[in-house]
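In what follows, a single structure is set out as structure tokens and then discussed.
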């Protein structure tokens, strides 16, 4: 059963069509990657999926339900969580607070929103700590986010998405700007998450993609040019031409 | 027409520097008071009209250099607060220098008396102000539309990073924009002096209206500011004819209504 | 630094250092500042029109106190309600816009209310203000006694501070700060920013309204300035001078501001000039206000030790 689907999804900004009639089918529990050269429309696609802006035409279906046009702040409650390509955290907050905010949003009840002390909310706090532990940042929970290294901030990015206990994780270049060592750690992290969540991944680094993906969609100039298993994609001549530059796999 | 002038100046500063200039009203008042002093010194209205706004522009330059530029790194909020504190200081300085009681200033002999327009007897000086303000607006508009520097300024409103990447000194652009905006405020003030007299509070009242003009016209939209200024001026005159007390209130009420329906102002794009 | 003991001591000691009326004014202004700071310090919204709520509450409650002889607590209730309601109206228009527009709108709407008050002389008294606001007695306590009223005001202040403390430590407090830190991310994790900003507005407005009523009863008059741009500016000044980054900043700011204005105004009528200068100095060099300056000194002395 496809947990996340798009039908003919299109987004135009005036004369520029960033995403053109894209059809995506993500099966539950799999890791589906979206690759393509810079400017192919990958992040715009993510923005559409997460409700940052509505599509010009087409539909988005989550778990069979039409969620087209749902705004960003409601998407989180549906079970879709996103991490950003450029680190987008709450700098003055501690790591725990960063994650807690995401966990609280998706908690069952907001009772006591105005008067209960934040620490008293056991369930979101537990989820927050678990998310930090999942990415390996539990030890630094009380440090302000602006004081940790870039690599750790990317981990925090991921933790914030995890804290919402989503069903689908949308990860936009989680390894952006990481050293080879940090990238290895990130890949291991993503692989560890694979069974528990459905993951849609945007990445540039081919070795990561080929290693972890169950299926790959290739975008070029806003359109989908290929879709299939890693092996199929590697052999696809169009993809080779557009992206891999004709290099033999 | 004066509203259009004030709106244009404020829109320019706000658009280029991205801060609502709280001192704009005070600059307006300073322009009026400078005029009175210069005329007192030199005895000639026309000279006063020439010199006073330049004085205000200079003040604007000083303000930008001394404070606004320093706070560039601290963020827009602080630049704004700086102009706010400055407005207070200027208002008080006006009282210190020129006294708390209002002043009145007669128009120059050439422009006294009225003109018979057929259906109403209209003061000559007001006509002059309308024409003069109109000319200034047109001149500023031409400068911004037709000259190269004007184009740079308009580009600066749209996209500052781009402009600085093109090798243009963005800080100098800010300074010029601020000085120009100040000049417009100053000359508006100088022109107003003979119409309604001067009082230390004239700056604050004008500031509110200038903000309304800019908000209605759309932030950074210079043509919009001119149009909005004209509209508001006309609207106020019309309302004043029927229900004098409500005329100022109506301006703000209209603004609230428009913004409710169209949050980006009548012509705004942002 | 233990704040509450310090505050309680101040409450007890203050009326013996300055006149009870001035002491009351300090706590009233502090309540006003607390309301503003929820918006300014915690949510990052520079609202330049807080006097709209302060003044509206003062006028409405003052009018009812004067002409309908309502009791003290109904007056407070009405003041809070008017403050909150006017904030709901103004906030609704303002939170849809951000940055510059927001600031300009709060100011312009303030002017709208100001001019209404200015023109509606039959109700508000226009430039002359609304004199003759009584301080009704309650349960036999005559609030016309300055000390009695002072204790009443300071008790309400303590209550307000406690409430605000609960609010900023609650999830709402974190959400608002999150919106300040990174609005895009806050929305992405599931918070509708405009709605929360509106909530902050209403709460801030309610606090301002309370301050407004207490102010009206303190001076027995609602001056036009209460709803003017000047008062909006004053509370921003005071909060920033005290330090918007801390819960207690507005309290310190209130002390500084009221003390300055009361002591300077008898010496020099143009004292706002000094206020403007002091403000500019704070903006240029001490952006965190007194609280930050104090922290810096504290840390510095710790390092030396």
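Modelled spin-label separation between residue A:92 and residue B:139, with each label point placed 7 Å from Cα along the Cα-to-Cβ direction: 4.7 nm. Reducing region A:1-76 and region C:276-302 to their Cα centroids gives an inter-centroid distance of 49 Å. Placing a label point 7 Å from the Cα of residue C:127 along the Cα-to-Cβ direction, the residues of region B:182-198 whose backbone N falls under 16 Å from that point are B:196-198. Region C:113-151 and region C:4-36 have Cα centres spaced 20 Å apart. Its Cα gyration tensor gives the protein assembly as shown an equivalent ellipsoid; the semi-axes, largest first and in whole Å, are 51, 36, 24. Normalised by residue count, region A:124-212 yields a Cα convex hull volume of 91 Å³ per residue.
Each peptide in C:150-160, A:139-149, C:82-92, C:219-229 gets a packing score, the mean of other Cβ atoms within 10 Å over its residues, and the list from highest to lowest is C:82-92, C:219-229, C:150-160, A:139-149.
Each Cα pair under 8 Å and six or more residues apart adds its separation to the average, and for chain A the resulting relative contact order is 27 percent. Mean separation of Cα pairs under 8 Å and 6 or more residues apart, divided by the residue count, gives region A:10-118 a relative contact order of 17 percent. Bridge orientation summary for chain A: considering DSSP beta bridges with both residues in this region, about 55 percent are antiparallel. From helices alone, the protein assembly as shown scores -20000 deg cm²/dmol at 222 nm; the rule is -39500 (n - 2.57) for each run of n ≥ 4 DSSP H residues, then divide by the residue total.
Counting Cβ atoms of other protein chains within 10 Å of each Cβ in B:131-138 and taking the mean gives 0. Taking 1.002 mPa s as the viscosity and 20 °C as the temperature, the Stokes-Einstein diffusion coefficient of region C:220-305 based on its alpha-carbon Kirkwood radius rounds to 154 µm²/s. Taking every alpha-carbon pair under 8 Å whose residues sit at least 6 apart, chain C reaches a relative contact order of 32 percent.
Of the peptides A:172-183, C:290-301, the ranking by mean beta-carbon count within 10 Å, highest at the top, reads A:172-183, C:290-301.
Partner shielding of B:74-82 amounts to 5, given as the average count of beta-carbon atoms from other chains within 10 Å of each residue beta-carbon.
Beta bridges per DSSP, both residues in the protein assembly as shown: antiparallel share near 60 percent.
Sort the following peptides by mean Cβ neighbour count (other Cβ atoms within 10 Å, averaged over residues), highest first: C:251-259, A:51-59, C:137-145.
Listed from highest to lowest mean packing, they are C:251-259, A:51-59, C:137-145.
The Cα center of region A:96-125 and the Cα center of region C:184-229 differ in position by 25 Å. Counting only other chain Cβ atoms within 10 Å of each residue's Cβ, the peptide C:272-284 averages 6.
No lab work stands behind these numbers, since they all come straight from the coordinates. Just so it is clear, the model here is predicted, and its values are computed rather than measured. So basically every Cβ, Gly included, is an ideal-geometry build from the backbone, and we count neighbours across all protein chains shown.
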